[in-house]
Structure formats: structure tokens, C-alpha cells
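Notes follow once the structure below has been shown.
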Amino acid sequence: MAAFVTDQFRILNAGSFVESISNNSYYAFLGLSNPTATGFGRTDNWNTSSANNPVDNFQYLSHYRDTSLFGKKIPADNARRVVRKVEWISGNSYDMYRHDYRQGNSSPVSKTVRLYDANYYVITSEFKVYICIDNGSSGLNPTVAASSLEPNHTDVEPVKYSDGYRWKYLFRISPSDVIKFDSTEYIVIPNNWTTTTDSEIEIIRDGGNSESNNNQIKKVYIENVGAGYTNQTANILGDGEGGQVSIVTTNGVITDVVVTQGGRGYTYGIIDLPNTSNPAKLIPIIPPSKGHGYDIYQELGADKVLIYARFDDSTKDFPIDTKFSQVGIIKNPETFSETNVSTGTTFTGSTFSSLYSVALTESRNVVIGEEIQQNQGNDIIAKGYVASFDKETKILKYYQDRSLCFGNKNDQTESLETKNIAKFVNNKEISFISSGGSNGVVDTNVNGNVMTLNLKQINLGVTFTNGLANPEINKKTGDIIYIDNRPVVQRDSRQKEDVKIILEF
């Protein structure tokens with residue numbers, strides 16, 4: 001027996017995710033500074049091959065946490081539901097909203113059998129969003145004319161323009177949202193539509209509530225004009241009440257149907273016409289929910305969420321000399337634990353560093369992504385991958401992942417060296433495998449999270465104890481809910497990374 005998950009389930013899930021952000025700690029993070037090195041989860045052709053497609057299993061999910069660099073919390077106002085961007089362009093034709101697109105009754109312009117795939121709404125050059133209530137087509141004349149007049153009204157009720165299109169205004173995207181969420185593919189939708197007290201939204205939302213306004217049905221589609229009719233007023237029957245239309249005829253043929261009272265409570269409607277030998281077929285178009293504008297998530301099919309995060313040079317948690325090749329979202333990582341045992345305490349800071357740090361006594365040149373080692377004796381060798389080196393503060397940041405323990409760095413082939421991740425200590429020198437040069441000496445005088453250089457105080461982002469600092473999160477915790485592998489990006493003090501992630505439900 002055939003079954004499917006409905007569009008409304010996806011819309012519900014998108015809404016539930018947005019709501020969950022207020023009650024959880026979600027972070028956008030960047031990671032993996034050496035994707036082309038030899039090692040687990042890496043390929044030498046990372047930047048040019050599809051071989052770097054993410055893998056969704058527990059082994060790789062934990063590796064994504066291992067190689068993460070830093071993260072930024074996603075506040076509720078940085079997560080928005082979005083829909084496909086359909087721009088109003090003079091000369092283009094647009095579908096009208098219909099509740100009954102299906103196989104055998106596809107949208108006339110987009111030729112789709114699903115409402116949410118049809119081009120029945122637009123965003124204008126003024127960043128106003130409208131839904132098309134009427135495009136002038138009918139069963140007698142199914143060809144949809146081009147739209148030549150850009151809608152610009154903000155009336156509660158739909159407005160008909162002289163090009164034959166009738167548009168219902170929904171909302172305007174604010175300038176701040178344009179800056180933050182603008183996309184070539186998506187339109188961002190306001191949060192909390194059904195509960196907000198924003199006056200502009202309230203007017204449209206409450207105006208679309210047919211339970212109080214009795215204005216649910218806006219359009220009756222003439223599928224078949226019939227014959228033998230006269231100009232008359234007719235009721236809209238069905239499972240609602242209060243709907244009424246004015247029938248306009250020419251020589252007994254129905255040429256127009258004007259909704260004079262939209263009524264309320266309809267999920268289907270039938271026009272109460274007198275019997276003739278050639279009956280007409282008139283289809284009342286049923287809006288979603290209680291009426292157009294009442295619930296725009298359902299009306300526009302908002303089953304996607306756009307997440308926004310900006311990484312700049314405002315904090316030492318975000319080193320500007322590093323590289324990254326992964327973008328992800330992690331939910332509810334915990335605070336760091338020296339023993340790697342769950343603390344049960346969710347990290348809630350606005351940013352985090354997921355890197356280990358060591359202060360060196362001298363500045364030096366390094367290769368981002370290169371391996372560092374520290375021979376601690378007794379066959380114990382601590383290893384890591386360089387993520388950053390700040391020549392001003394002489395702070396080296398690194399991460400450790402399973403590649404450093406695997407025999408061939410790719411899998412569990414027997415290793416002749418240390419098979420466990422060993423922590424770096426502050427009384428042994430550090431060697432640099434690629435950049436070479438003299439070994440690094442740990443500066444044990446660096447303590448706390450603030451350093452004073454040339455009478456300037458620098459917040460280091462993490463807290464040092466005798467030259468060493470731990471990550472701010474326990475990298476064994478948190479759920480990776482999104483990962484994107486991409487060609488390696490070199491960070492720079494002159495650039496900012498605006499990360500926009502689309503989650504589809």
C-alpha cells in the first residue's frame with residue numbers, strides 16, 4: 001500500500017526545529033584545516049573530487065568533532081524558515097494559488113503537480129512578498145498572460161491590477177534581514193508569525209482570520225462556463241458558511257464570478273446554481289488554514305530553515321591564519337572535562353574554541369595543518385595537527401584526531417608508535433615536522449586568559465595554566481546534525497566568513 005510523509009509534516013518539523021533553538025545550544029562550527037594531508041577522512045584530491053562527500057556514520061561523526069576548530073552559537077533570531085525565491089519580473093507569467101494542484105490538474109505556468117513547486121508567490125524589488133490570488137486564467141481561457149505591473153500595495157485585501165493579476169500582500173523583508181539572510185535561492189520568512197505583536201504582521205495575520213472576518217474565500221475558478229444562466233447572486237455551499245458570489249453572464253454563459261462574501265470554515269465549496277441542461281463547473285479556491293495571510297508557513301510551504309553565523313576577527317577563538325574545509329552544526333556540546341568523562345553540563349557560551357593551545361617562548365613560521373610531535377620518553381609521543389599560530393601572542397593551537405594513532409594514518413593498521421592520543425606537556429620541546437627549524441619551548445609563565453603586550457591587554461579566549469590551555473568543549477559530546485565538506489578556505493584578517501546553512505526537512 002502506498003504511503004507518504006506529507007508536506008505539512010515537513011513544515012511542522014521545520015517549525016519545531018526553529019522553536020528548539022531557544023531551548024538548546026546549537027553552534028555553527030568550522031573544521032579540518034588539513035583536508036589534503038594523509039589521514040583518516042582526508043583525500044589528496046579533496047578540492048577537486050567528489051570523494052570528499054560527507055559520511056554519515058558514528059565513526060565519522062566523532063571525527064568531525066575531533067577536527068573542529070571553533071564554533072559560534074546560533075541564537076533564535078539567526079534561524080529563519082525560508083522558501084524558494086520567486087522574483088517578480090516584468091513579462092513573466094505566474095501561477096495562481098490553488099488548493100487542488102495534482103496529477104491531471106497541474107499548475108498552468110510551472111507545470112507542477114504540487115502547490116509548493118508552483119510559482120504562485122513573488123518577491124518584488126522592494127522586498128515585499130505577495131501571493132497570486134488570480135492570474136486571469138480560466139477553463140475557457142487557460143493561457144496565463146504575462147504580468148507587467150509590479151505589485152506594491154500593502155492593503156489587507158487582495159488588489160487587482162490592470163494586467164489582470166490580483167495579488168495578496170503578505171509581508172516585507174526588513175533591511176536587517178536582507179543583510180543577514182539575503183540569498184539568490186531563498187526568501188526569508190519572519191519568525192513567530194502566529195504569535196508576534198509586530199503591528200504590520202498583526203494586521204495581515206488578523207486580517208486573514210476568517211473566523212473573525214468572514215472573508216476566507218477570495219477566488220472562484222471558472223472551469224466550465226456552462227449555459228442557460230442569468231446574472232444572479234449565489235451562495236457558496238459546502239462545509240463552511242457565509243460565502244456568497246455574484247454571477248456575471250453573457251448570453252447565458254458565465255463570464256465572471258465575483259466573491260462578495262468570503263465566509264468561513266470551508267475545506268470545500270460548491271456554488272448553489274440553478275439546474276440547466278449544460279451545468280457550469282465553478283471551483284471555490286480554498287485558502288490554507290483560516291485564510292490567506294493567517295499562517296504563512298503553511299501558505300508558502302516553509303519546510304526549510306536558514307542558519308546564519310558570522311566568523312570574523314573579533315575573538316581569539318576564531319584564529320585568522322587558519323584554514324577550514326568543513327562547516328557544520330553541533331547541538332548541545334558539553335563543557336570540557338580533563339578526564340573526557342561527560343560533565344552533564346551543556347556549554348552555553350556565545351563562542352567556543354575546540355582546539356588545544358600551547359604558549360611558546362619564541363615566534364616562528366609554521367605550516368597550517370602540519371604535524372607536531374613531542375617525545376615524552378617511555379615510547380610516548382604526543383602528536384597533533386597545527387590549526388593556528390599567532391605570531392603576536394606566540395600561541396600555537398592544534399587538534400588531535402585518530403589519524404595520529406593509526407599505523408598508516410587512514411585505518412587501524414598496526415602502528416609501531418604510540419597507539420593512544422597523548423596529551424602535550426609543558427616540560428618537553430615540540431618539533432615541527434613540515435616547517436622544521438628549532439624545536440618549540442613551552443612558555444610556562446603564561447597563565448589566565450589575558451596577556452599584556454606593549455601595554456595592550458589581549459583576551460586569549462581560553463584559560464592557560466603554565467603555558468597550556470584546553471578546548472572549551474568536550475569534543476566527545478554534542479550531536480552533529482549537519483556537515484558540509486567544501487574546498488579548503490584560507491582565513492585572512494581582511495575577510496569575514498558569513499555562513500548560511502540551509503536545512504531541509
Using +1 at the Cβ of each Lys and Arg and -1 at the Cβ of each Asp and Glu in the chain, identify which of 339, 286, 481 lies farthest towards the dipole's positive end. 339
Report Rg (one decimal) and Dmax (nearest whole number) for the range 105-151, counting Cα atoms only, units Å. 11.6, 35
Among all stretches of the chain without exposed GluC sites (Glu not before Pro) (DSSP loop, at most 15 other Cβ atoms within 10 Å), which one is longest? 186-337
Given 6, 227, 249, which one lies farthest toward the positive end of the charge dipole of the chain, if we put +1 on the Cβ of every Lys and Arg and -1 on the Cβ of every Asp and Glu? 6
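In debye, nearest 20, what is the charge dipole magnitude of the range 219-283 about its Cα centre with +1 on Lys and Arg Cβ and -1 on Asp and Glu Cβ, if you could check? Walk me through the numbers before you get to the answer.
On the way: 3 positive and 5 negative charges, 16 e Å.
The dipole of the range 219-283 has a size of about 80 debye.
Relative to the present Cα-Cα distance, how much length would full extension add between residue 489 and residue 49 at 0.36 nm per residue of separation? List each step's numbers first, then the result.
Details: separation 440, 0.36 × 440 = 158.40 nm, distance 1.57 nm.
Full-extension gain reported as 156.8 nm.
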Mind giving me the nanometre distance, one decimal, between the label points for residue 375 and residue 425, set 7 Å out from Cα along Cα→Cβ? 1.5
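Using the reciprocal of the averaged 1/r over all distinct C-alpha pairs, how large is the Kirkwood radius of the range 53-148 in Å? Could you put the intermediate results ahead of the total?
Numbers: mean 1/r = 0.0590 Å⁻¹.
Hydrodynamic radius (Kirkwood, Cα only) of the range 53-148 equals 17.0 Å.
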What angle, in degrees between 0 and 90 and rounded to the nearest 10, separates the Cα long axis of helix 7-20 from the longest principal axis of the Cα atoms of the chain? 40
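Using the structure shown, list the pairs from 397/456; 160/304; 128/331; 180/394; 323/397 with a Cα-Cα distance above 24 Å, or answer none.
Numbers: 397/456 22 Å; 160/304 31 Å; 128/331 34 Å; 180/394 34 Å; 323/397 12 Å.
Violating the 24 Å Cα-Cα cut-off are 160/304; 128/331; 180/394.
Using a simple charge model, +1 on the beta-carbon of Lys and Arg, -1 on the beta-carbon of Asp and Glu, nothing else, what dipole does the range 78-135 show about its Cα centre, in debye to the nearest 20? Spell out each step's value before the answer.
On the way: 9 positive and 6 negative charges, 58 e Å.
Charge dipole of the range 78-135: 280 debye, to the nearest 20.
Can you give the FRET efficiency for residue 231 and residue 102, using 1/(1 + (r/R0)^6), R0 = 56 Å, r = Cβ-Cβ distance, to the nearest 0.05? Can you show the working numbers first?
Numbers: r = 33 Å, r/R0 = 0.58.
E between residue 231 and residue 102, to the nearest 0.05, is 0.95.
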Normalised by the number of residues in the range 355-470, what is the relative contact order in percent for Cα pairs under 8 Å and 6+ residues apart? 28
With a Förster distance of 25 angstrom and the Cβ-Cβ distance between residue 454 and residue 434, calculated FRET efficiency to the nearest 0.05 equals 0.20
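Rounded to two decimals, what ratio of Rg to Rh does the range 134-240 give with C-alpha atoms and a Kirkwood Rh?
Radius of gyration over Kirkwood radius for the range 134-240 works out to 1.04.
Want the number for residue 391 to residue 192: 0.36 nm per residue separation, take away the alpha-carbon distance, what's left? Walk me through the intermediate numbers first.
Details: separation 199, 0.36 × 199 = 71.64 nm, distance 4.62 nm.
Length gained between residue 391 and residue 192: 67.0 nm.
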Projected onto the charge dipole of the range 355-470 (+1 at Lys/Arg Cβ, -1 at Asp/Glu Cβ, origin at the Cα centre), which of 448, 377, 436 gives the Cα projection farthest towards the positive end? 448
Based only on the alpha carbon positions, what is the Kirkwood hydrodynamic radius of the range 236-328, in angstrom? 18.3
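May I ask you to give the average projected area over all directions of the convex hull of the Cα atoms of the range 450-505, in nm² rounded to one decimal? Display every interim value, and only then the final one.
Numbers: hull surface 28.7 nm².
The orientation-averaged projected area of the Cα hull of the range 450-505 comes to 7.2 nm².
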Convex hull (Cα only) mean projected area of the range 355-470, reported in nm² to one decimal: 7.2
Using the Cα atoms of the chain, I'd like the radius of gyration and the largest Cα-Cα distance, Dmax, both in angstrom. 30.6, 103
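Hey, any idea what the orientation-averaged projected area of the convex hull of the range 211-264's Cα atoms comes to, in nm²? Provide the component values of the computation, followed by the final result.
Numbers: hull surface 14.3 nm².
Projected over every direction and averaged, the Cα hull of the range 211-264 covers 3.6 nm².
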Given charges at beta-carbon only (K, R positive; D, E negative), |dipole| of the chain in Debye: 480
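To the nearest 500 deg cm²/dmol, what mean residue ellipticity at 222 nm is calculated for the chain from DSSP H runs of n ≥ 4 alone, each contributing -39,500 (n - 2.57), summed and divided by the residues?
Working: 6 runs with 48 residues, N = 505.
Using -39500 (n - 2.57) per qualifying helix, the result is -2500 deg cm²/dmol.
Only the coordinates and a few stated rules stand behind these numbers; no lab work does. Given the structure is predicted, the values throughout are model-derived calculations rather than measurements. A quick note on method: Cβ atoms are made from the backbone with ideal geometry, for glycine too, and the neighbour counts reach across all protein chains shown.
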